[in-house]
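What follows is calculated from the coordinates using simple rules that are stated; it is not laboratory data. Owing to the predicted nature of the structure, the values given are computational and were not obtained by experimental measurement. Because the Cβ atoms are built from the backbone with ideal geometry, glycine has one as well, and the counts that use them run over all protein chains shown.
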Amino acid sequence: MVYQLYDSAFRILDIRNNLLENFTGSRKQIIDLAASTIPSSYLLPELLAGFGRMYPDVYFHSWQTDSSGAINRVLDGTVDLALTGQNTGDDSCVFIPFCQDNMVIATPVNDHYLNLKQKEQPVVFQDFIKDSVIIREKGSGTKKEMDIFLENAGIEPSSLNVVARMNDLQKTKQILLFPLEESAHKRSFYIVYSKNRILKSHVRQFIHYVKEYYQTV
């Protein structure tokens, strides 16, 4: 039964590779990649563009999901690697931090927040404690980092006025950003791959490229 499943999976991948070759006219090397929302939206475009200029024969097949979903795809062998905002500490995976960002509060542009923005002293999270809040969904690396921040600040999550949970908080309207005084809180993004999988040479090249890229920017 296991052999039959393996044989079927191999045939499916072979069909996919043949279709890709027919459409592109060349034999491409494929990297199956999962990425959580923030890396997918803000990090992957420049990474793929830069890597593609250096290795034009590599083709990416990517999935966007939350951090938990991306790591699950690594674990079940669906993808070669993932870029996530969460380290679950799973012993069967390698988690390599490759860049960091600062967590901030984003608000609409209105008189209340403009006045708050003009305060001479830095704002603290308590300045927003009664405001309506939109947070990320369970499984998101951003949600996990927010939980850690609230715990460190001694704030109960139940005290927040949460009005919505969303899987993507990109907005087209103008927003204000508030760095938080109590949060020198940075969150890391990780390259994730399975310890039980032998990585193809072009996958290792991409991992090396990502690490080098963020050491130089």
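Data overview
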{"read-out": "Size-normalised alpha-carbon gyration radius of region 36-112, reference 2.2 N^0.38 Å", "value": "1.35"}
{"read-out": "Förster radius 30 Å - calculated FRET efficiency between residue 152 and residue 111, Cβ distance, rounded to 0.05", "value": "0.45"}
{"read-out": "Virtual spin-label span in nm between residue 53 and residue 162, 7 Å along Cα→Cβ", "value": "4.2"}
{"read-out": "Simple spin-label estimate for residue 211 and residue 60 in nanometres, 7 Å along Cα-Cβ", "value": "1.9"}
{"read-out": "Too-long pairs where the Cα-Cα distance tops 29 Å, listed order kept, from 119/186; 138/200; 143/200", "value": "138/200; 143/200"}
{"read-out": "Fraction of antiparallel bridges per DSSP, region 48-178 only, in percent to nearest 5", "value": "45"}
{"read-out": "Rounded, prolate or oblate (a/c below 1.5 giving rounded, otherwise prolate when a/b exceeds b/c) for region 63-217 by Cα gyration tensor", "value": "prolate"}
